[in-house]
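Enquirer: Please see the structure below; I have some questions.
The values are calculated or read from the model by the stated rules, or taken from the named source; none is laboratory data. The structure presented is a predicted model; accordingly, all values stated were derived computationally and were not measured. A quick note on method: Cβ atoms are made from the backbone with ideal geometry, for glycine too, and the neighbour counts reach across all protein chains shown. Surface areas here come from the heavy atoms of the whole protein model, side chains and all, with no ligands, DNA or RNA. Shrake-Rupley method; radii C 1.70, N 1.55, O 1.52, S 1.80 Å.
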Amino acid sequence: NAGVTQTPKFRVLKTGQSMTLLCAQDMNHEYMYWYRQDPGMGLRLIHYSVGEGTTAKGEVPDGYNVSRLKKQNFLLGLESAAPSQTSVYFCASTPTVDQNTEAFFGQGTRLTVV
Amino acid sequence: QQPVQSPQAVILREGEDAVINCSSSKALYSVHWYRQKHGEAPVFLMILLKGGEQKGHDKISASFNEKKQQSSLYLTASQLSYSGTYFCGTEKTNTGNQFYFGTGTSLTVIP
């Protein structure tokens with residue numbers, strides 16, 4: 001019963017490098033989200049997806065791209081990493097965005113850009 | 001669009017009570033509360049729905065004022081295990097369904 005799995009868990013990048021974070025869920029959830037968490041800022045929504053093949057921007061989308069080619073996977077890409085993107089990234093999923101649904105989170109990815 | 005929480009941080013002794021507030025500039029269709037331990041993922045606590053229904057934790061209660069777009073989480077007789085960061089969240093917009101979380105409240109319970 002894996003739930004939501006994020007890979008990798010830790011990563012150090014040099015400025016300008018690119019990388020992709022993978023979020024996989026095995027609960028057949030329609031909605032998936034990527035957040036970044038910084039001290040004092042809470043969880044801020046980067047991008048989200050309401051279903052396979054669809055993505056949309058959240059609060060802080062600049063510098064990130066996403067794809068949802070398969071329902072169970074939601075990828076977050078950094079094309080040219082910057083030190084400002086040093087953060088802890090969380091993926092979450094819900095069956096739908098509805099009054100009765102809770103969000104399930106992955107364990108997070110700690111990214112450092114030097 | 002991010003809900004604002006207050007206080008930002010609070011320190012309690014075991015057995016004391018605390019209230020965490022969540023305020024949104026947009027309509028709250030429902031409110032979720034989560035707790036996050038250091039270095040871990042947020043964990044669901046409860047949902048408050050329009051009309052007053054609550055679903056979730058049996059030792060933590062909350063209120064939801066739809067008109068004021070506010071919610072409060074009540075932690076009574078706090079235990080050491082209550083320590084963590086608490087987040088409120090959820091919101092729907094007319095441009096699509098987005099799930100927003102608040103700024104967070106750090107709660108520390110000491111013996």
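Enquirer: Measure off 7 Å from each Cα along the Cα-to-Cβ vector at B:Ile110 and B:Lys68, then give the distance between these two points in nanometres to one decimal.
Expert: 3.0 nm
Enquirer: For a test of the definition: using alpha carbon positions, the gyration tensor, and the 1.5 limit on a/c, classify chain A as rounded, prolate or oblate.
Expert: Since a/c reaches 1.5 and a/b is larger than b/c, the shape of chain A is classed as prolate.
Enquirer: For the interface of chains A and B, what total accessible area is buried with a 1.4 Å probe, rounded to the nearest 100 Å²?
Expert: Result for this pair: about 2100 Å² buried.
Enquirer: What distance in nm separates the simple spin-label points at A:Ala2 and A:Glu79, each placed 7 Å from Cα in the Cβ direction?
Expert: Each label point is offset 7 Å from its Cα along the Cβ direction, giving 2.9 nm.
Enquirer: Convert each backbone phi in region A:58-70 into a coupling constant with the Karplus relation 6.51 cos²θ - 1.76 cosθ + 1.60 (shift: θ = phi - 60°), then list the ³J(HN,Hα) values in order as whole Hz, x for Gly and Pro.
Expert: x, 6, 10, x, 5, x, 10, 10, 9, 8, 9, 6, 10
Enquirer: Of A:Lys9/A:Lys70; A:Lys57/B:Lys67; A:Lys71/B:Lys68; A:Lys14/A:Lys57; A:Lys57/B:Lys26; A:Lys9/A:Lys57, which ones are farther than 30 Å apart at the Cα?
Expert: Over 30 Å apart, Cα to Cα: A:Lys71/B:Lys68.
Enquirer: Just to verify a number: FRET efficiency for B:Asp17 and B:Glu40, C-beta to C-beta distance, R0 = 25 Å, to 0.05?
Expert: Working: r = 25 Å, r/R0 = 0.98.
The value I calculate is 0.55.
Enquirer: OK, next. 7 Å from Cα along Cα→Cβ at both A:Glu59 and A:Ser18: what's the point-to-point distance in nm?
Expert: A separation of 2.8 nm, rounded to one decimal place.
Enquirer: Please find, in a Gaussian network model of chain A (springs between Cα atoms separated by less than 10 Å), the residue of A:Met19, A:Met32, A:Met41 whose mean-square fluctuation is greatest.
Expert: Of A:Met19, A:Met32, A:Met41, the Gaussian network model singles out A:Met41 as fluctuating most.
Enquirer: Stretch A:Lys70-A:Val114 to full length: gain in nm at 0.36 nm per residue minus the Cα-Cα span? It would help to have the intermediate numbers written out before the result.
Expert: Details: separation 44, 0.36 × 44 = 15.84 nm, distance 3.19 nm.
Full extension of this stretch gives 12.6 nm more.
Enquirer: Taking θ = phi - 60°, what integer Hz values does the Karplus form 6.51 cos²θ - 1.76 cosθ + 1.60 yield along region A:80-90, in sequence order, with x for Gly and Pro?
Expert: 9, 5, 10, x, 5, 8, 5, 5, 9, 9, 10
Enquirer: Roughly to the nearest percent, how much of the accessible area of chain A is carbon and sulfur, given a 1.4 Å probe?
Expert: 52 percent
Enquirer: Restricting to Cα pairs below 8 Å that are 6+ residues apart, what does the relative contact order work out to for chain A? Please round to a whole percent. Each step should come with its number before you reach the end.
Expert: Working: 299 pairs, mean separation 40.3, N = 114.
Computed over chain A, the figure is 35 percent.
Enquirer: Go ahead and set up a Gaussian network model of chain A, Cα springs under 10 Å, then flag whichever of A:Gly42, A:Gly16, A:Gly63 fluctuates most.
Expert: Evaluated over chain A, the most mobile residue of the options is A:Gly42.
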